[in-house]
Amino acid sequence: MKPELTIWAVTAAEQLTNLSEKPLLQRKANEFTFNVHLLHDTLWVIVKWRNKDRAAFRTAYSPDGLKVEQLTKREDGAQVNLSSTIGEFNVDITFPYAQKTVLHYTVTFKASNNLYIPFWPKDVLMLGNKGTQVPAGDVHIRQRGIRTGVVYAAFKQPAEGSLLYFQNLTALNDYCQLTETSVSETVGGEWPEFGFSLPLTKEKPMPAGKKLTIADAFVSFSTDTPKDQFEIARQYLDHLAAIYLLLPRPDTKYQDYPDLIKRSIHDLEHNKGCWCQHSGCSYLNAYVCDYATPPEIMVQLAVLLPVWDYMDWSGEDLPFSNQIYENLRTFYSDELKTIKRWLPAAEDQLDESEEQKVPNTMDAWYLHHPLLNLGRMALKGDKVGKELFLNSVDFAIKVAHHFNYKWPVFYDMQSLKTLKEETQPGMGGEKDVAGVYAQVMLLAYDVTGKKRFLEEAEKAAQSLVQFGFDIFYQANNTTFSAKAMLRLYKETKKQQYLDLCYLHIANLFKNMAIWECNYGYGVNFPMFFGLFPLNDAPYLAVYEEQESFASMHELLVLAEGTDFLPSARLLLAEYVKYMIHRAVYYFPPMLPKEMLADETKTGEIDPKLWIALEDIYDGWEKAGAVGQEVYGAGLCFGIVPRHYIRIPGQSFMIYMDYPTGNKVVKNNTITINVLGSKELTCRVCIIKTTDGNLPKISVVAGNEQDQQQLDKLSAKKLPNEFEIHGEQTIIIKWND
């Protein structure tokens, strides 16, 4: 069957087949050849694989034709200035790597008149090695909503080759601000015609005389075609990391989480909108002032466990945690022999306004999430957690067997009848639930030592193979699943589980926004490296990000001592770093009031309350339309214990914005294993905890480059904030 093409692609394919003029620029990079040609309306960069198949990249485009005014060649590429009736173009083409094949082109444009853009063609066209024939291929990943502007595509065998196209959407901010447009859904398409289209202008034109960036594309090439979903995942992560190292990345800054956590504690404990009462028991609401919805066990545990982490770290006693803990048993059903989502005594208050708000209706992932937290409590030696966990786990196994490890979206807890089969028609159920279930089984194995739970975890993990590449349903569950797969790999040494781990990680990174939104309200909220909660969610969500962040920590610690994929280490650590930088802006007091939604779906927004908003959108939409999320209140409690290192008896603590592994305190020194990648850096801060003077502090780094910089700093005075690379061991020394 012939591919479906636009008239622009058909015309371009014909022109690109009959090239007669010498290229403006020719470069060879590893096994690829690049040629730059001007063909009437477009300046093309054409890459040829070793098998002669080609890809053409449209840089400057003007319907009435282009003229080269100046060509400046450089060792790493070229700059081409062009003119046309509609304005002036500048195209900068570079080949930034020697060992890897990456193309980078940036296009700026200055319009001669105020211009409306009613259409803009995609900028990538795949071509065969003869005539206008189009080779067969697949688009495996494309942008959805305001996620990263990527297309990951590959030839079908017997042809070989793949590419990751990455449009740096950050560079489009000025264009979007002036034209009041969004970059949502601008990168996509189908094989063989895909890539980026400039956002179409409706309300405001592109202004005359203003130089604007209209494209900033990075393309990473490979001579290999992925043979299955596991190779797709590994290639995608490797391509993405190669491009990420080239991106202009926003600066981060230190955020004072110890101060923020005091505010969160006060508001969580004292604000009545966070709590409700049933039969003399206190429960957390899901959303501030949401009194219509009965209490949910997930909400209680999603806050309690991070609070316990903080209490263990700080030594503080937070009385409100006891109010949550004392009422956990009220969620257990003696009839079903399991915990339930809704408080059984209040289920009759459900108003059926949403699919899940019906008595005995269970969302497939929802049964397992509380079990994860109860399992963690059991491992800590907590009797209530162990009792509820072990008394409920066999019900979870019963459900898994009933659905043969292929869960629907909703089912009835009593009859196990399927109430909703698929998330969307043809998309299947909640695919990553099998991985969450495997993590529950691994916890049961750790608590009891019984092999049957390990065997259950393996059966669930093996069922994940059937779903292909697209396995993501909900971000935190996908991260839990990745952790479970790595744990199974370490237990069994079976390569399939490590492959499944990478598959889940790749799915996480296709659901992120690796760009910074600085148009509209976006100037108030850093978005770079934001993780979306669901495949189709139009917003970032605090609870899913908070739990994914914590699991990524554990994943990287678990990966120590394994031959873990370097690109995965790099990307996971960078997500953690940027999440810490961004997370404070989920709190309404950090945002201007005009950015907050006028109405909420659930409950109310208190702009002075240090309880996070659930939802942050594209720059043209207000935040908090879903609500102010009490079950996201664990945010600061999860960050502080993982990034602030307390030293007994000392007047300071150490903050690092990369994940850390093993730490040993001995004889006025602390040895810290810094995770992440040696390719990139993280922040280290020495934080005073008393009013006295800091002791004299010195640092020994395992990274030679870092040590040279530290020696220079120490010759003056080591500052309280400095940077080091990841993937090393450092020793911090002090004198009493």
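The values are calculated or read from the model by the stated rules, or taken from the named source; none is laboratory data. Computed from a predicted structure; not experimentally measured. Note that each Cβ is placed from the backbone with ideal geometry, even for glycine, and that neighbours are counted across all protein chains shown.
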request  = State yes or no: is residue 577 in contact with an Asp or Glu (Cβ under 7 Å, 6 or more places away or on another chain) and in the same structural domain as residue 316 (by TED's automatic domain parsing)?
outcome  = yes
remark   = Residues of the range 509-529 being at negative phi, surrounded by fewer than 22 Cβ atoms within 10 Å (Cβ to Cβ) and assigned to a helix (DSSP H, G or I), in sequence order, are 521, 523, 524
query = Are there any strands (runs of 3 or more DSSP E) wholly within the range 1-53 with 3 or more residues that are at pLDDT 95 or above and under 21 Å from residue 120 (Cβ atoms), and if so which?
reply = 32-39, 42-48
inquiry  = Go through (1) modelled with pLDDT of 95 or more; (2) in contact with a Pro (Cβ under 7 Å, 6 or more places away or on another chain) for residue 316 and report which single condition fails.
reply    = (2)
query = Out of all the residues in the range 586-601, which are closer than 20 Å to residue 545 by Cα and crowded, with 20+ Cβ neighbours inside 10 Å?
reply = 586, 587, 588, 591
ask   = Restricting the search to the range 677-713, which residues are farther than 30 Å from residue 244 by Cα and touching a strand residue (DSSP E or B) at 6+ places or on another chain (Cβ under 6 Å)?
value = 687, 688, 689, 694, 695, 697, 698
Number of positions in the range 352-365 that are over 15 Å from residue 416 (Cβ atoms) and outside any loop (DSSP other than H, G, I, E, B) = 1
Failed item in (1) of a type outside the set (Lys, Arg); (2) surrounded by 17 or more Cβ atoms within 10 Å (Cβ to Cβ); (3) more than 28 Å from residue 423 (Cα to Cα), with residue 297 passing the rest = (3)
message = Need the failing condition index for residue 678 against (1) touching a Gly at 6+ places or on another chain (Cβ under 7 Å); (2) without any contact (Cβ under 8 Å) to a residue 40 or more places away in the chain; (3) basic (Lys, Arg), just the number.
response = (2)
ask   = Within the range 265-290, restricting attention to residues that are assigned to a loop (DSSP other than H, G, I, E, B) and modelled with pLDDT of 95 or more, which residue is nearest to the chain's Cα centre (by Cα)?
value = 286
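Residues checked against (1) touching a Phe, Trp or Tyr at 6+ places or on another chain (Cβ under 9 Å); (2) free of Cβ contacts under 8 Å to residues at least 24 places away in the same chain; (3) not aliphatic (A, V, I, L, M):
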{"position": "22", "(1), (2), (3)": "no, yes, yes"}
{"position": "40", "(1), (2), (3)": "no, no, yes"}
{"position": "57", "(1), (2), (3)": "yes, no, yes"}
{"position": "62", "(1), (2), (3)": "yes, no, yes"}
{"position": "70", "(1), (2), (3)": "no, yes, yes"}
{"position": "77", "(1), (2), (3)": "yes, no, yes"}
ask   = Looking at 371, 379, 390, which one is buried (at least 19 other Cβ atoms within 10 Å of the Cβ) and not small (Gly, Ala, Ser)?
value = 371
Those residues of the range 133-182 which are among the basic types (Lys, Arg) and either closer than 21 Å to residue 533 by Cα or within 20 Å of the chain's Cα centre (by Cα) (or both), in sequence order = 142, 144, 147
message = I'm checking my understanding of the structure. Among residues of the range 212-246 that are surrounded by fewer than 16 Cβ atoms within 10 Å (Cβ to Cβ) and out of contact with any Asp or Glu (no Cβ under 8 Å at 6 or more places or on another chain), which one is nearest to residue 147 (Cα to Cα)?
response = 228
task = Can you confirm whether the range 440-463 contains a residue that is within 21 Å of the chain's Cα centre (by Cα), at pLDDT 95 or above and of a type outside the set (D, E, K, R)?
result = no
ask   = With (1) free of Cβ contacts under 8 Å to residues at least 40 places away in the same chain; (2) more than 17 Å from residue 407 (Cβ to Cβ) as the list, and residue 464 as the residue in question, which single condition is left unmet?
value = (2)
query = Considering 301, 268, 318, 246, which residue is closer than 21 Å to residue 371 by Cβ, aliphatic (A, V, I, L, M) and touching a residue at least 12 places away in the same chain (Cβ under 8 Å)?
reply = 301
remark   = When the range 366-384 is checked residue by residue, the ones that are among the basic types (Lys, Arg) and either part of a helix (DSSP H, G or I) or at pLDDT below 95 (or both) are 376, 383
Yes/no for residue 410 being buried (at least 18 other Cβ atoms within 10 Å of the Cβ), assigned by TED's automatic domain parsing to the domain that holds residue 297 and over 19 Å from residue 480 (Cα atoms) = yes
task = Name the strands (runs of 3 or more DSSP E) wholly inside the range 137-235 in which the number of residues that are of a type in the set (A, V, I, L, M), out of contact with any His (no Cβ under 9 Å at 6 or more places or on another chain) and closer than 17 Å to residue 518 by Cα is 1 or more.
result = 211-222
ask   = So, of the residues in the range 91-148 that are farther than 28 Å from residue 240 by Cβ and of a type in the set (A, V, I, L, M), which turns out to be surrounded by the fewest Cβ atoms within 10 Å (Cβ to Cβ)?
value = 115
key: Matching residues, the range 71-90, being crowded, with 22+ Cβ neighbours inside 10 Å and either β-branched (Val, Ile, Thr) or not in a strand (DSSP E or B) (or both)   = 80
task = State whether one or more residues within the range 149-170 are surrounded by 16 or more Cβ atoms within 10 Å (Cβ to Cβ) and basic (Lys, Arg).
result = no
task = Give the residue, chosen from 667, 720, 703, that is at pLDDT 95 or above and of a type in the set (S, T, N, Q).
result = 703
